[in-house]
1. 222 nm [θ] for the chain, helices only, -39500 (n - 2.57) per DSSP H run of 4+, per residue, to 500?
2. With viscosity set to 1.306 mPa s and temperature to 10 °C, compute the Stokes-Einstein D of region 1-71, Rh being the Kirkwood radius across alpha carbon pairs; µm²/s, no decimals.
3. Give the separation of the Cα centroids, region 81-124 to region 159-182, in Å.
4. Could you line up Ile33, Ile269, Ile45 from fewest to most neighbouring Cβ atoms inside 10 Å?
5. Using 17 Å as the cut-off for backbone N distance, which residues of region 188-209 belong to the label zone defined by a point 7 Å from the Cα of Arg28 along Cα→Cβ?
6. Under 8 Å for C-alpha pairs, at least 6 residues apart: give me the relative contact order for the chain, rounded to a whole percent.
7. What does the convex hull of the Cα atoms of the chain come to per residue, in Å³, rounded to a whole number?
8. How would Trp115, Trp90 line up from fewest to most surrounding beta-carbon atoms within 10 angstrom?
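None of the figures in this text is laboratory data; all of them are computed from the coordinates on show. The model shown is predicted, which means the values in this text are computed figures rather than measured ones. We place every Cβ from the backbone using ideal geometry, glycine too, and count neighbours over all the protein chains shown.
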Amino acid sequence: MTPRFHFISGLPRSGSTLTSAILRQNPRFHAGISSPLAGLADGIIAQVSAGTEMSTMVNEEQRARLLRGLFDAYYADRDEALIFDTNRAWTAKLAMLMRLFPEARVICCVRDVAWVMDSLERQYRNNAFEHTRLFNNPAERSTVYTRLEALAGANRLVGYAWHALREACYGEFAERLVIVDYDLLTQRPAEVFQLLYQFIGEEPFAHDFAAVEFDAPAFDAQLGLDGLHRVHRSVAPRPRQTVLPPDLFKRYSNMAFWRDLTDSRAFRIVAQQPEGAPPQSQELPH
């Protein structure tokens, strides 16, 4: 049986691993951490694009078959009916995805960017005896100011994901997206997942939000960030004080453009909005 595909994308440190871990409880679903498929697909396209000797040997239909075959081959050992593939790049590659998978939906995990930065800085400090691969040189990793500036770059971990998500929210495939806020997910996971199932058109499933398990120690070790993809067993809010200087926290706290998507067709799972809220929001009562 050929599986169907949906995708998970959005910002780092915003609940994509947690979302995958919960989805995996459903025996019909498979979900994991970031896969290599986005990069592999780019590699195939590069090999047959204009300027290469193979560009005239592989037509449009063949390219589509090669790319679809890549997904089928990568997941050939899975027997679940529905695959959720995760990569922050998917929001920048919707034109390709929607050609390959016309019925696909994309779950976009978001979080206040200041708290994304706080989470990454905590990871850096928790691995104080390791030069993580988040940074390219000693100058970038020298202080919290240079570290966050590097992460916010347009082609770096946070900046790239933020730009790609913004592009997707205002693009021609915006109605295929659902925005899921990390804070709401941790506060009210059962209600959020009820709406997620409605969005992807699947029958409800009784998830156990007190027994969520996921870890990827080998993947995290090659990044030099132990525990990066380890999730808490119980889904619950965990308030804390930020480790960022106040000026840095303020700088990144005004980047949550998804809170006002009146000009976008993307769906959002949000707390109940005032009267006149955009119709594409799926609302939870207070």
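1. That comes out to -11500 deg cm²/dmol.
2. Diffusion coefficient, whole number: 109 µm²/s.
3. One Cα centre to the other: 8 Å.
4. Values: Ile33 18, Ile269 24, Ile45 14.
In order of increasing Cβ crowding within 10 Å: Ile45, Ile33, Ile269.
5. Correct set: 193-208.
6. This gives 24 percent for the chain.
7. Per-residue hull volume (Cα only) is 154 Å³.
8. Trp115, Trp90
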